[in-house]
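See structure below.
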Amino acid sequence: MIASLCGKLSSKSPQEAIINVQGVGYHVFIALSTYFALPNPEDPVTLFVSTHWRNDSIQLFGFSSTEEKSTFTLLTSITGIGPKLALSALSTLSVSDLCMAIESSDVETLASIPGIGKKSASRIILELKEKIGRILLPNTPGTSHASRGPSDFLQEEAASALMNLGYRTPEVRKALSQAIAKIGPAYELEELIRTGLKELAKS
């Protein structure tokens, strides 16, 4: 079983990455949180990996931190929550926000994850509330948001990331407009995408 990959980043997208390890390219599915943590292509990279067998194929899911991998493992231990849905959860909420939502029984926040309704959210809380404390969250300050006006570049990057997840252009544009109205003029790319995902989940 592959537990981690150390090599060179060949390519990346919001959904997947190719890691070159001694001439062998490993296709790894990732969440948006991991995508933002990846270096530039051709740079060295290390990902923590969860290996899953599906029919006759092996699928690799990569994470930038052990906390993300642990959260993914706990989520996929729940009946009805597969790897792709677990990645959706990590793309929508940070590990800390996800843990807080579970610990506080916040059904609404969990139900904002695409593919997870209130019934699944309640099941996640029921099954993981006593286990989520196993995840050691890094005690690091939150990302500072420099005061700046809306950036066309950031909006285009966010739109591209959301459309790569399968959403249509009109609904992505609408969701990002709603997200910016909620966030205000000062925002980071990751915050814009996460808020946009929450708005898409409502539609």
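The values are calculated or read from the model by the stated rules, or taken from the named source; none is laboratory data. Fair warning: this is a prediction, and the values are worked out from it, not measured in the lab. Every residue, glycine among them, receives a Cβ derived from its backbone with ideal geometry; neighbour counts consider all protein chains shown.
Among the residues of region 158-191 satisfying the criterion of being under 17 Å from the mean Cα position of the chain (by Cα) and in a loop (DSSP other than H, G, I, E, B), which is farthest from Ala17 (Cα to Cα)?
Taking region 158-191 as the starting set, the residues that turn out to be under 17 Å from the mean Cα position of the chain (by Cα) are 158-167, 188-191.
From what's left, in a loop (DSSP other than H, G, I, E, B): 165-167, 188.
Values: Leu165: 14, Gly166: 17, Tyr167: 20, Glu188: 22 Å.
Here the answer is Glu188.
Only one residue in Ser50, Ser64 is crowded, with 18+ Cβ neighbours inside 10 Å, in contact with a strand residue (DSSP E or B) (Cβ under 8 Å, 6 or more places away or on another chain), of a type in the set (Ser, Thr, Tyr) and under 25 Å from Arg123 (Cβ atoms), so which one is that?
Values: Ser64 fails: under 25 Å from Arg123 (Cβ atoms).
Going through Ser50, Ser64 in turn, the sole match is Ser50.
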Residues of region 175-191 being touching a helix residue (DSSP H, G or I) at 6+ places or on another chain (Cβ under 9 Å) and either touching a residue at least 24 places away in the same chain (Cβ under 8 Å) or on the phi > 0 side of the Ramachandran plot (or both), in sequence order, are Ala175, Ile180, Tyr187, Glu188, Leu189, Glu190, Glu191
Looking for something within 24 Å of Gly166 (Cβ to Cβ), among the charged types (D, E, K, R) and touching a residue at least 40 places away in the same chain (Cβ under 8 Å) - is there at least one such residue anywhere in region 84-100? yes
I need the full set of residues from region 8-25 which are loosely packed, with under 15 Cβ neighbours inside 10 Å and not aliphatic (A, V, I, L, M), in order please. Ser11, Ser13, Gln22, Gly23, Gly25
Can you name the number of the only condition in (1) touching a helix residue (DSSP H, G or I) at 6+ places or on another chain (Cβ under 6 Å); (2) among the charged types (D, E, K, R); (3) modelled with pLDDT of 90 or more that Glu108 fails? (1)
Within region 129-145, can one find any residue that is assigned to a loop (DSSP other than H, G, I, E, B), among the small types (Gly, Ala, Ser) and at pLDDT below 90? yes
Matching residues, region 78-115, being small (Gly, Ala, Ser) and in a helix (DSSP H, G or I): Ala86, Ser88, Ala89, Ser91, Ser96, Ala101, Ala111
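If you go through region 36-77, how many residues are within 19 Å of Ala101 (Cα to Cα) and not in a helix (DSSP H, G or I)?
Going residue by residue through region 36-77, those that are within 19 Å of Ala101 (Cα to Cα) are 67-77.
Retained after the next criterion (residues that are not in a helix (DSSP H, G or I)): 77.
Result for region 36-77: 1.
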Please go through region 73-105 and pick out each residue that is within 20 Å of Ala158 (Cα to Cα) and small (Gly, Ala, Ser). Ser88, Ala89, Ser91, Ser94
Which members of region 192-203 meet the condition of being without any contact (Cβ under 8 Å) to a residue 40 or more places away in the chain and either assigned to a loop (DSSP other than H, G, I, E, B) or not hydroxyl-bearing (Ser, Thr, Tyr) (or both)? Leu192, Gly196, Glu199, Ser203
